[in-house]
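**Student:** This is the structure I have questions about; it appears just below.
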Amino acid sequence: MTEADDDTRNRRLEKLRFWRRACADQGAKWKCYNDNGADIPLIFFHGDTDMGGLYVRRLAAECGYPVAALAPRSIEEPGLRPCVEALGKDMVEDILAFRPSGPYRLGGYCNGAIIAYECARRLRERGHEVEVVVMIEPASLNTRPVFRAVQQLIAAMLPPPEARSLKAQQRFGDVMHVVWNIGRLLHLSPRELLGLVRYLGHRRMMWRGHLVAGEQEALDQERQVRETDAAFKTFHWRSVSTYLPLPTQIPIVALSTGMDGGGRRCGMYDGVQWARVAANFRHIRLRGHHATCLSTHVGELASDLKSILRGLPPGKTEPPAQRLARQQGDFTMLALGKAPGS
């Protein structure tokens, strides 16, 4: 192993160790940034299973707006169910303990955006005002008619959610995750599908290479953290895969790239689809893909986020007329039953 390879491995292990510390039970439930005591804070569900929401620090710094980040639930909590509705019910109590009265502004990234949507709906049901929900790169298959029909068909064969056993809910999540992945693959071109297969094969070969490197102690530590990470992700994918978002009148702003973390066109992250369930809806197309919108293009994302929260027209890099034409085109494609940009 060369010195460069050793350095790369050490940095990866340090990232995994940080993830363990950041997502440990003793981690802070709330992390607040830019608190000025005047503005309504954005309550943000970071949905980060890798770095414990570390990106929120940079996003908040670039945005300059008060952000209160709420950490995901620990999967080791007794009785915790892989169900967005159950998570939303519990996390609304956290929100009310943190800020007893509204108005509220909620946001989230990836699976955190889904939790934000459910929490906003529950807050509205309890008579609280929700000014806006900002959904960054939300999973969107939940809003598509075929997915919703399959979800309702399978759910009808199970006991009601409140009477459903933990094992039944887990199996429901596993089945719907398969449906979800099928829907995701259907949006890939043959070339993109081949690239995905090669990428997965490369990852497997890299892991096998580490196994024969003789670094057993480091590998054991890495394996333990990876297993914890995998369990965390499985819990949240089960939760989101079974979620059927109900229609809402709450103002929803979805920001999405339409690309997965590998830069492939992906219907899973096509946020414009949330117009199907949100009567008061706006969509902003982000640059980059699912991961780089928070890194390479974080400045542009922060600019849009600040504009939304300050009540200004979102975005500074695209003329308003051009943005309006693009969004009208998106909705035209939706009416034709096609993916925007196809």
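**Student:** Among what's in segment 285-296 and is within 27 Å of ARG148 (Cβ to Cβ) and not in a helix (DSSP H, G or I), pick the residue that is most open to solvent (accessible area, probe 1.4 Å).
**Tutor:** Ranking the qualifying residues of segment 285-296, first place goes to ARG285.
**Student:** If you go through segment 121-153 one residue at a time, how many are over 30 Å from LYS306 (Cβ atoms) and surrounded by fewer than 15 Cβ atoms within 10 Å (Cβ to Cβ)?
**Tutor:** 5
**Student:** While we're looking at this one, here's another question. Is there a residue being out of contact with any helix residue (DSSP H, G or I) (no Cβ under 7 Å at 6 or more places or on another chain) and of a type in the set (A, V, I, L, M) anywhere in segment 268-283?
**Tutor:** There is at least one residue in segment 268-283 that is out of contact with any helix residue (DSSP H, G or I) (no Cβ under 7 Å at 6 or more places or on another chain) and of a type in the set (A, V, I, L, M).
**Student:** Give just the number: which of (1) at pLDDT below 70; (2) part of a helix (DSSP H, G or I); (3) among the basic types (Lys, Arg); (4) closer than 29 Å to ARG57 by Cβ does ARG326 not satisfy?
**Tutor:** (4)
**Student:** Return the total of residues in segment 60-89 being farther than 21 Å from ALA230 by Cα, touching a residue at least 60 places away in the same chain (Cβ under 8 Å) and among the charged types (D, E, K, R).
**Tutor:** Total satisfying the criteria: 2.
**Student:** A follow-up question, please. Looking only at residues that are hydrophobic (A, V, I, L, M, F, W, C) and open to solvent by 60 Å² or more (accessible area, probe 1.4 Å) in segment 157-166, which one is nearest to the chain's Cα centre (by Cα)?
**Tutor:** LEU166
**Student:** Still on this structure: Of all helices (runs of 4 or more DSSP H) completely enclosed by segment 69-156, which ones contain at least 1 residues that are within 20 Å of the chain's Cα centre (by Cα), at pLDDT 90 or above and more than 30 Å from HIS289 (Cβ to Cβ)?
**Tutor:** The helices (runs of 4 or more DSSP H) meeting that bar are 84-98, 111-125.
Listed here are the residues, each with its yes/no results for (1) under 14 Å from the mean Cα position of the chain (by Cα); (2) assigned to a loop (DSSP other than H, G, I, E, B); (3) farther than 24 Å from THR296 by Cα.
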| site | (1), (2), (3) |
| --- | --- |
| GLU227 | no, no, yes |
| THR234 | yes, no, yes |
| LEU246 | no, yes, yes |
| HIS283 | no, no, no |
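**Student:** Condition test on ASP48, is it out of contact with any strand residue (DSSP E or B) (no Cβ under 8 Å at 6 or more places or on another chain) and either crowded, with 22+ Cβ neighbours inside 10 Å or in contact (Cβ under 8 Å) with a residue 12 or more places away in the chain (or both)?
**Tutor:** Considered against the rule, which asks whether it is out of contact with any strand residue (DSSP E or B) (no Cβ under 8 Å at 6 or more places or on another chain) and either crowded, with 22+ Cβ neighbours inside 10 Å or in contact (Cβ under 8 Å) with a residue 12 or more places away in the chain (or both), ASP48 comes out as no.
Residues checked against (1) open to solvent by 20 Å² or more (accessible area, probe 1.4 Å); (2) under 28 Å from LEU244 (Cα atoms); (3) modelled with pLDDT under 85; (4) touching a Phe, Trp or Tyr at 6+ places or on another chain (Cβ under 8 Å):
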| residue | (1), (2), (3), (4) |
| --- | --- |
| MET268 | no, yes, yes, yes |
| TRP274 | no, yes, no, yes |
| SER303 | yes, no, no, no |
| SER307 | no, no, no, no |
| ARG310 | yes, no, no, yes |
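The values are calculated or read from the model by the stated rules, or taken from the named source; none is laboratory data. Keep in mind that this is a model prediction, so the values were computed, not measured. Virtual Cβ from ideal backbone geometry, glycine too; neighbours counted across all protein chains shown. Surface areas here come from the heavy atoms of the whole protein model, side chains and all, with no ligands, DNA or RNA. Shrake-Rupley method; radii C 1.70, N 1.55, O 1.52, S 1.80 Å.
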